[in-house]
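> The following block contains the structure, expressed as structure tokens.
The values are calculated or read from the model by the stated rules, or taken from the named source; none is laboratory data. What you see is a predicted model; the values in this text were computed from it and never measured. Here Cβ is always computed from backbone atoms with ideal geometry, including for glycine, and neighbour counts include all displayed protein chains.
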């Protein structure tokens, strides 16, 4: 939830399960307020963009020149050309577009910070920009980049002071906020981090220390690791699945060579695989190969499935039939209705 008046008290703000000192199930008033604030913020941004577009269409030469200068400043930022960026920033001083060049200049400065703590001069410049009165998304966008730098450098006092004012959050910032709480002794942060574990996609590096601590402490258990492996395979994220598989042993063990073969040539792998006496790990790789094959040829996948179906428990049989029906429907196969 956005904080709009005065300094928030520590622990008084809860952002998507990150703040301590507040509880609630999805759909409660607090979360609705966060969603409403985010929607209004995005709506204002879209309306401003549309207005700027029409103004440019009807713009006198001076305004058109300002727009061209702003685009040139953006290109200089993307190229990392600080000298050129500064030249256009000076030309746009005391114009409505000054906030954009200010954002680009500070973003470039943040990207060029070395391994040492953030210099006091840069901290002052960022704080000055963040305290601007304009209602523009560029301010909150810089706030997010600033917080990521502070989290990366583990400057938690500065991070904690600015984080409650953030409007738009992503997983990287969520994990930095949880890291700050965990490092200050709040063990509930690891339990909240567990919710981020269940994803078939790779998570930001800022989540890594939390996951490692949660795994070591048993907060993320073997079944959780197994579930994430299946999510990664379902998403086709073979690289992540291989990393997760390294943590599984015994009945859940997955052989890297088998996973690589299934990913490289699913049909060839299924032609040779022997699932007699197979463990959970071997079956999940075969199921992954079947899913992969079904994306390209539901017919061939159905033929391969008929030969191995008996080796899978009923729940996995239903699961694969659902997957096969989806892929057949995607290819307009009439058998999807059967």
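> Looking at segment 202-298, what helices (runs of 4 or more DSSP H) fall wholly within it and have at least 3 residues that are free of Cβ contacts under 8 Å to residues at least 60 places away in the same chain and under 30 Å from residue 330 (Cβ atoms)?
222-234, 238-245, 256-264, 266-272, 280-296
> Turning to a different aspect of this structure: With the structure loaded, tell me whether residue 122 is part of a helix (DSSP H, G or I) and under 24 Å from the mean Cα position of the chain (by Cα) or whether it fails that test.
no
> If we keep just the residues of segment 167-185 that are in contact (Cβ under 8 Å) with a residue 40 or more places away in the chain and over 18 Å from residue 155 (Cβ atoms), which is surrounded by the most Cβ atoms within 10 Å (Cβ to Cβ)?
167
> Continuing with the same structure: Go through (1) surrounded by fewer than 15 Cβ atoms within 10 Å (Cβ to Cβ); (2) modelled with pLDDT of 90 or more and name the single condition residue 104 misses.
(1)
> Also, I was wondering about something else. Restrict the check to segment 91-102 and report whether at least one residue is farther than 29 Å from residue 199 by Cα, touching a residue at least 40 places away in the same chain (Cβ under 8 Å) and within 29 Å of the chain's Cα centre (by Cα).
Yes: one or more hits.
> Is it true that residue 187 is closer than 27 Å to residue 147 by Cβ, out of contact with any strand residue (DSSP E or B) (no Cβ under 9 Å at 6 or more places or on another chain) and modelled with pLDDT under 95?
So residue 187 passes the test.
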